[in-house]
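All remarks here apply to the structure that follows.
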Amino acid sequence: MSQNRPDLGTPASYTFPRPERTTVGGGTVVAVHVPGQYLVSVRLVHPYGGAVEPLDAMGVGALTSEVLEDGPDGNSSLAPALERHGAEWVSRINWDGFITGVDVPVGRLGEAVRLFADAVRRPALDHDDIVRRRDQLLERFWLEAATSSTLAMRSLGAQLFTGRYATPLAGGPVRLADIAPETVASYHADTLASTAGTLVVVGDLSGVDPVELGKTVFGDTVPAPARVIDTPAPPPGELPRVLIVDRPGSVQSALVIAHRAPSRSQVDLPRAEGVGEVLGGMFTSRLNMELRERLGYTYGAGARFDLRRDSGVFFMSAQVEADTTAHSITSSLEQVARLREGGVTAEELSAVRDSNTVGLPVAYSTARSMAGALVDMVVHDLPDDHVDTVRAGYERLTKEDLDSAAVEYLHPEEAVVVVVGDAGRLLSPLTDTGVGPVEVRTPDELWA
């Protein structure tokens, strides 16, 4: 006997749980109680992202993040110590924050947090461990740069910024190699060891005292200083322009078309990210439909914003067959022009709304994902209702909102184009596009 599939109802509007904020010593605890989430996510957020590193020690944050995993006893001792409590270590740095943490069963939360606090505040910082980690980071840098798309993205910073953003987050091979163990120890003492930060705790907190967790983690540390926000300057040079990073013999090209964007606090997030999704954030986006489905040049093309506290970047990216590189670039720029001139369709508007609202209960179904959202709020000084505000912004998004965003946030006339591929094969056709002056460099010349 056949049955008809029931009709879908209207999705309920999602509401993100309100965190409880408590000042503990020099820091703040941000806690969310989620009944039934017995794997608790703990994150400690410090305002020491790569953007505020000294220019003579670029990459020291990334190296310190790696070294912390050697633990209070050194020699990679932290992971096995945490495993005895069923806990998993987290440590990462981005441009705007230094994030450490653990995911741990609630029944072992106290023991794991005490070990976590020791690992962050009192790591061994053994000389040989630091040198070993530095060498591993250097090796990983070049291994990852062997992937053309990674190399293209890492080449982008110096085309858009002067100062810290011109060098990759990990410091680049030359800068990273110069960091001495003493520099790491000094950096750690001035940042993670002495300042409190913000502790995020998410999970089933029945019977858990977040204040006691804060006391364990913060100890006698002092409040972290406020970060001074200065908009980084652009490098000299004509815009738009093209950089070829030469990879002789390559049969494919990795290309990135990018320009500077406002900082996160300066954009209307649903409008900006919504128009980015129309252009390259969904399978049905215009870049994917053009470069993949119609032209058959690539397996996928995308676009998105990278929004930081003091600046931002908008970029489009794809990997294409070498002989289609020039047309891929001009076709991508044509898609931007059409979006700016003609606006979005009703179908595109609906897809943007649905993709950023309907799936929120699943997106925030774990303690880890909710902790990630709270970390984002802490790093960018966002209000506790940020997720709900953005969701509501998507729900009321109009065609006019996205049409105006395309004009406000997309600026192909200010773009730089980075192509990793065979310069001997690409120089003439890329020059013929008329996009802008073309420069050729080798990977070794990028961070000399």
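Since every read-out is calculated from the coordinates, none of them should be taken as a lab result. No experiment lies behind these values; they were computed from the predicted model shown. Cβ atoms come from the backbone with ideal geometry, glycine included; neighbour counts cover every protein chain shown.
A few notes on this one:
- Among D230, D403, D388, the order by Cβ neighbours within 10 angstrom, fewest to most, reads D230, D388, D403.
- Taking amide H as placed 1.01 Å from N in the peptide plane, Y38 has its amide H under 5 Å from the amide H of D204, each at least 5 places away in sequence or on another chain.
- Taking packing as the residue-averaged number of other Cβ atoms within 10 angstrom, the listed peptides 143-151, 231-239, 411-419 run from highest to lowest as 411-419, 143-151, 231-239.
- Averaging the Cα positions of each part gives two centres, and for region 283-309 and region 6-75 these lie 30 Å apart.
- 5 Å binning of all Cα-Cα separations within region 20-218, expressed as whole percents from 0 upward: 1, 8, 15, 18, 18, 14, 11, 8, 5, 1, 0
- Helix content alone sets the calculated 222 nm mean residue ellipticity of the chain: runs of n ≥ 4 DSSP H residues at -39500 (n - 2.57) each, divided across all residues, give -11500 deg cm²/dmol.
- Least to most buried among T330, T298 (fewest other Cβ within 10 Å first): T330, T298
- Length-normalised contact order for region 20-218 - Cα pairs under 8 Å, 6+ apart - percent: 40 percent
- Ranked by how many other beta carbons lie within 10 Å on average, peptides 213-221, 188-196 from highest: 213-221, 188-196
- Anisotropy class of region 335-448 from Cα gyration tensor, a/c 1.5 cut: oblate
- Between the C-alpha center of region 191-208 and that of region 405-448 there is a gap of 44 Å.
- Rounded, prolate or oblate (a/c below 1.5 giving rounded, otherwise prolate when a/b exceeds b/c) for region 241-446 by Cα gyration tensor: prolate
- Local electrostatic count at Q252 - Lys and Arg +1, Asp and Glu -1, tallied over other residues with Cβ under 15 Å: -1
- Length-normalised contact order for region 241-446 - Cα pairs under 8 Å, 6+ apart - percent: 42 percent
- Dividing the mean sequence gap of close Cα pairs (under 8 Å, 6+ apart) by how many residues the chain holds gives a relative contact order of 23 percent.
- Proximal charge balance of V379 [Cβ under 12 Å; K/R count +1, D/E count -1]: +3
- For Kirkwood radius over Cα pairs in Å, calculated from these coordinates, the label among (1) 23.2; (2) 22.3; (3) 23.8: (3)
- This ranking places D129, D204, D56 by how few other beta-carbon atoms lie within 10 Å of each, fewest first, which gives D56, D204, D129.
- Formal net charge of residues neighbouring V362 (Cβ-Cβ distance under 14 Å; K, R +1; D, E -1): +1
- For region 11-120, a/c is not less than 1.5, where a ≥ b ≥ c are the root eigenvalues of the C-alpha gyration tensor, and a/b does not top b/c. That puts it in the oblate class.
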